[in-house]
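The block underneath contains the structure these notes are about, expressed in structure tokens.
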Amino acid sequence: METSEQLDIVPAQVRVPQHVRFKYACKACEETIKTAPLPARALPKSNASAGLLAHIAVAKYQDALPLARQEKILRRIGVDVPAPPWPAG
């Protein structure tokens, strides 16, 4: 038997996990509604996952890839990147 190997690269995959939370109402009074809490977030009020933040940090500090270039890469693969809250420059 002969085996040969070939090196291949799988491009980055962007996923959008959804967290489904159920709402429950009190049947007796029909006023009290309880919703399950969201999972903890790495950055409050952000939709960035811990994995995305780790990827950005490694690309910036280990690979010396500027944030502006990372933004272009993310846009090219279809990620909608919001404008930063500070002036560009």
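The values are calculated or read from the model by the stated rules, or taken from the named source; none is laboratory data. Just so we're clear, the structure is a prediction, and the values are computed from it rather than from any experiment. Reconstructed Cβ throughout: ideal geometry from the backbone, glycine too, with neighbour counts over all protein chains shown. Note: accessible area is taken over every heavy atom of the protein model, side chains too, but ligands, DNA and RNA are not part of it. Shrake-Rupley method; radii C 1.70, N 1.55, O 1.52, S 1.80 Å.
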Solvent-accessible area per residue for the chain at a 1.4 Å probe radius, Å²? 101
Suppose we flag trypsin sites (Lys or Arg not before Pro) only when DSSP calls them loop and at most 11 other Cβ atoms lie within 10 Å. Which is the longest uninterrupted stretch of the chain? 46-89
Which lysines have a Cα less than 18 Å from the Cα of residue 60, not counting those fewer than 8 places away in the same chain? 72
Mind checking which lysines have their Cα closer than 29 Å to the Cα of residue 34? Skip sequence neighbours fewer than 8 apart in that chain. 23, 45
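Checking a compactness column here: for the chain, what do you get for Rg(Cα) / (2.2 N^0.38 Å), N being the number of residues?
Details: Rg = 20.9 Å, N = 89, 2.2 N^0.38 = 12.1 Å.
Normalised Cα radius of gyration, the chain: 1.73.
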Angle between the Cα long axis of helix 67-76 and the longest principal axis of the chain, 0 to 90 degrees, nearest 10? 80
Could you give each residue of region 37-42 its phi-based ³J(HN,Hα) in whole Hz, using Karplus coefficients 6.51, -1.76, 1.60 with θ = phi - 60°, and x for Gly or Pro? x, 6, x, 4, 10, 5
Accessible-area ranking of 10, 58, 79, largest first, probe 1.4 Å: 10, 58, 79
Only Lys, Arg (+1) and Asp, Glu (-1) charged, at Cβ; the chain dipole about Cα centre in debye: 540
Karplus ³J(HN,Hα) for region 22-31 (6.51 cos²θ - 1.76 cosθ + 1.60, θ = phi - 60°; Hz, whole; x = Gly/Pro) runs 8, 10, 10, 10, 6, 6, 6, 9, 6, 10
Which Cα, out of 73, 51, 18, lies furthest along the positive dipole direction of the chain (beta carbon charges, K/R +1, D/E -1)? 18
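Counting only other residues whose beta carbon sits under 14 Å from that of residue 51, what net charge do I get with K and R as +1, D and E as -1?
Details: positive: 15, 41; negative: none.
So the surrounding residues net to +2.
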In percent, what relative contact order does the chain have, based on Cα pairs under 8 Å that are 6 or more apart in sequence? 13
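Which GluC sites (Glu not before Pro) does region 1-87 hold that lie in a coil by DSSP with at most 15 other beta carbons within 10 Å? If you can, show how the numbers build up before the last one.
On the way: sites: 2, 5, 30, 31, 71; in loops: 2, 5, 30, 31.
Passing sites in region 1-87 are 2, 5, 30, 31.
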Taking the chain and counting helices only, DSSP H stretches of n ≥ 4 at -39,500 (n - 2.57) each over all residues, the nearest-500 ellipticity at 222 nm comes to -5500 deg cm²/dmol
